[in-house]
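Heads up, the thing below is written out as structure tokens.
No lab work stands behind these numbers, since they all come straight from the coordinates. Here the structure is a predicted model, which is why all the values come from computation and not from measurement. Glycine also receives a Cβ, built like all others from the backbone with ideal geometry; neighbour counts cover every protein chain displayed.
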Amino acid sequence: MSETSPPGTGSRRMKYLLIGSLALNLLFVGGLVGMSFKKHGHGPHHAAREHFGLMGLTRVLPEDRRKDVLEQLKKEYGEMRPAMEDLRTARIEAADRLAAEPFDRAALEQAIANVAGKEQALRATTVETFLVQAARLSADERKQLSERWRKRADWMAHRGKKNNKDKQ
């Protein structure tokens with residue numbers, strides 16, 4: 001048996017080129033999907049962040065107030081980082097328990113309970129941060145934020161009805 005090309009060339013090179021091409025295409029498509037999600041307001045916790053939190057309000061505040069509120073929020077967000085990291089670690093642990101062989105239901109239940117506890121703690125911290133910031137707002141700013149909440153709640157209710165009609 002004789003080969004027309006030396007070992008390590010030809011089909012092997014083509015295989016690497018195809019893998020590289022596939023990787024670049026996946027990167028490109030992933031980038032487009034990610035931009036689409038960001039542009040259309042999807043993604044994790046978007047509704048809570050933009051419409052029911054203080055970040056949405058900062059878009060309608062005067063420039064000097066916006067800077068003040070954003071500065072305070074950034075400081076308090078930084079203080080929440082350890083709790084966010086604890087939650088991330090707990091989620092990874094739960095994912096590891098889910099994939100473990102042999103499957104151990106009790107270990108997975110414990111890991112999920114740990115995630116729930118970390119989520120609850122982070123939520124409590126977030127609510128407290130929001131309450132502190134809301135107390136710093138003027139009556140007019142609180143009213144503006146309240147109106148944003150009402151509009152968002154109405155939009156979500158309308159969207160839910162539309163989605164139910166689409167499914168029928």
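List of remarks:
- Anisotropy class of the stretch 77-130 from Cα gyration tensor, a/c 1.5 cut: prolate
- The Cβ shell under 13 Å around residue 87 holds other residues with a net charge of +1, Lys and Arg each +1, Asp and Glu each -1.
- Where labels lie 7 Å past Cα in the beta-carbon direction, separation of residue 60 and residue 134 in nm: 1.6
- Spacing of the two label points (7 Å from each Cα toward its C-beta) at residue 119 and residue 96, in nm: 2.1
- Cα gyration tensor category, rounded, prolate or oblate, for the stretch 74-168 with a/c compared to 1.5: oblate
- Estimated at 0.36 nm per residue, the fully extended path between residue 85 and residue 110 surpasses their Cα-Cα distance by 7.1 nm.
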